[in-house]
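All remarks here apply to the structure that follows.
Read the figures in this text as sums done on the coordinates, not as results from a lab. Keep in mind that this is a model prediction, so the values were computed, not measured. When we count neighbours, we look across all protein chains shown, and the Cβ atoms used for this are built from the backbone with ideal geometry, even at glycine.
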Amino acid sequence: MKESASDFLDRAFATVSECFDDTPFCALRWGPRKTPVGIDRIGRLRIQGVGERMLLLEVKKSGQPRIVREAVNAIARYRPSFKNSYGIVVAPFISDAAADILKTEDIGYVDFAGNCRICIDKVYISKTGQSNPFTEKRGLRSLYSPKAERILRVLMRNPNEPWLVKPLAEAAGVSLGQVSNVKKLLDAREWLRSGDSGFSLAHPKALLAEWSMAYRFTRNRIGNFYAMASVDEIERAIAGKNQRGEPLGTLTAFSAAARLAPVTRYQRVSAYVRGSMEAVAEKLDWKQVTSGSNVSLLEPYDDGVLMDSQDSDDIQIVSPLQAYLDLSGNVARGEEAAEALLREVLSPSW
């Protein structure tokens, strides 16, 4: 059942109250639910040996930077009306960037898991590391859905290039509404730069870091095969041009990174295929196996995976961005190869 607005606010107030439960020299008393000004709730905090302080609470459904700045502005607007007041922002989840903003503004914060930072007079309460089931999963699913990722891929080609909604939708092959939704989500994170010519990415590295955390390699259909050939021979067989000038697949992961920013040795070839992986394997006389494989063939979860693929010595490979994503969650030295791509290929182009 969807939580009502009233229940949402009650949960926020209760979470703030719990922060003071283990502070015996503090006593918190809430004022009426209806406040005389545009603040969500006003509390009176009596601190032993100090006196009474007014708590001004702003409750938000999102803890992303732009939303938090709105709360900061609201607290700043009404704070002069209350002597000895202190602002606190409450949200289900407070992002690290938003927490830094609040710390700079000397405003406290509390999330629904109990993570908090409150610094007022001799009271300092800080709780971190509480597992938060309220992370903004819906926003992550929207921002990193297959069609939304196509928009991100276009923006990441040249983060400094300004875009308008319609040309970006055409370039990504998605609807205007999808672009508008992605723009809203990026703007909430303060990852966009806007100007007369349009909007562009202001923080591509931050975007890539979050994207790689949300990315799931297993969304692709994956099959493991054994080929009796060297790594180079396997890669040329799958990703080299055939008589018709069309490769059967596109190299990714270590196979792509080795041609972009070589840093590790590898024995497994990974490639996206066009059509059925079984048909490709049969054509190349590769055997599907449950163990001892040296080839992973992937049917992409979306055509966007192959956007900006390129040739390297007559071998087709995915874009550096896609190679990074496919490597970032690989525990077998994949993170090392991904960092090399970021350092040597992606960051210099930004």
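For segment 137-214, take the alpha-carbon Rg, divide it by the Kirkwood Rh, and send me Rg/Rh.
Details: Rg = 11.2 Å, Rh = 12.2 Å.
Reported Rg/Rh (Cα atoms, Kirkwood Rh): 0.92.
Pulled fully out, how much extra length does the chain show between LYS34 and ASN158, if you take 0.36 nm times their separation in residues and subtract their Cα-Cα distance? Present the calculation step by step, with values, prior to reporting the outcome.
Numbers: separation 124, 0.36 × 124 = 44.64 nm, distance 4.88 nm.
Contour length minus Cα-Cα distance gives 39.8 nm.
To test your reading of the geometry: what angle, between 0 and 90 degrees and rounded to tens, separates the Cα axis of helix 65-78 from the longest principal axis of the chain?
10
Please list, in order along segment 225-239, the HN-Hα scalar couplings obtained from phi with the Karplus expression 6.51 cos²θ - 1.76 cosθ + 1.60 (θ = phi - 60°), rounded to whole Hz, x for Gly and Pro.
9, 10, 10, 8, 6, 6, 4, 5, 5, 5, 5, 6, 5, 8, 10
Would you be so kind as to identify which of LEU55, PRO204, MET307 lies farthest towards the positive end of the dipole of the chain, taking Lys and Arg as +1 and Asp and Glu as -1 on Cβ and the Cα centre as origin?
Projecting each Cα onto the dipole axis, the largest value belongs to LEU55.
For Rg and Dmax of the Cα atoms in Å, one of [x] 25.8, 86; [y] 21.1, 67; [z] 20.9, 60 was computed from the structure I shared and the rest are decoys. Which label?
[x]
Convert each backbone phi in segment 142-148 into a coupling constant with the Karplus relation 6.51 cos²θ - 1.76 cosθ + 1.60 (shift: θ = phi - 60°), then list the ³J(HN,Hα) values in order as whole Hz, x for Gly and Pro.
Those phi angles translate into 6, 6, 10, 6, x, 6, 5 Hz.
How do GLU105, GLU235 rank when sorted from fewest to most other Cβ atoms within 10 Å of their own Cβ? Walk me through the intermediate numbers first.
Numbers: GLU105 17, GLU235 24.
Ascending number of Cβ neighbours within 10 Å: GLU105, GLU235.
Under 5 Å between amide hydrogens, which residues at least 5 positions from ASN220 or on another chain qualify, with H placed 1.01 Å from N in the peptide plane?
TYR301
Could you pull out every residue, at least 5 positions away or on a different chain, whose amide H is within less than 5 Å of the one on VAL123? Hs are placed 1.01 Å off N in the peptide plane, and Pro or chain starts have none.
HN-HN under 5 Å from VAL123: empty list.
Need the list of lysines near LYS184 for cross-linking: C-alpha distance under 24 angstrom, and skip anything on the same chain fewer than eight residues off.
Qualifying lysines at Cα under 24 Å: LYS2, LYS60, LYS61, LYS137, LYS147, LYS166, LYS205.
With label points built 7 Å along Cα→Cβ from the Cα atoms of ASP285 and LYS83, find their separation and express it in nm.
About 9.3 nm, to one decimal.
Note the angle between two axes, namely the Cα long axis of helix 5-19 and the longest principal axis of the Cα atoms of the chain, as a number of degrees from 0 to 90, rounded to the nearest 10.
Once rounded, one gets 80 degrees.
Sort MET156, MET54 so the one with the fewest other Cβ atoms within 10 Å of its own Cβ comes first. Mind showing how you got there, number by number?
Values: MET156 21, MET54 18.
Going from least to most buried by this count: MET54, MET156.
Hey, any idea what Rg/Rh is for segment 217-349, computing Rh the Kirkwood way over Cα pairs?
Numbers: Rg = 13.7 Å, Rh = 14.7 Å.
With Rh from the inverse mean 1/r over Cα pairs, Rg/Rh is 0.94.
Over segment 5-127, what lengths in whole Å, largest first, do the semi-axes of the equivalent ellipsoid take, defined as the square roots of 5 times the eigenvalues of the alpha-carbon gyration tensor? Kindly include the intermediate steps, with their values, before the conclusion.
On the way: eigenvalues 76, 51, 44 Å².
Computed over segment 5-127, the values are 19, 16, 15 Å.
Give me the compactness ratio for segment 225-295, meaning the Cα radius of gyration over 2.2 N^0.38 Å. Please list the in-between numbers first.
Working: Rg = 11.9 Å, N = 71, 2.2 N^0.38 = 11.1 Å.
Relative to the rule-of-thumb radius for its length, segment 225-295 sits at 1.07.
If you rank VAL263, VAL182, VAL174 by fewest surrounding Cβ atoms within 10 Å, what's the result?
Numbers: VAL263 17, VAL182 26, VAL174 21.
Fewest-to-most ranking of VAL263, VAL182, VAL174: VAL263, VAL174, VAL182.
Going toward the positive end of the dipole of the chain, with +1 on Lys and Arg Cβ and -1 on Asp and Glu Cβ, which of CYS119, PRO159, SER6 do you reach last?
SER6
Can you give the extra length, in nm with one decimal, that the chain gains between ASP232 and ARG11 once fully stretched, where that is 0.36 nm per residue apart less the Cα-Cα distance?
On the way: separation 221, 0.36 × 221 = 79.56 nm, distance 5.92 nm.
Additional length available on full extension: 73.6 nm.
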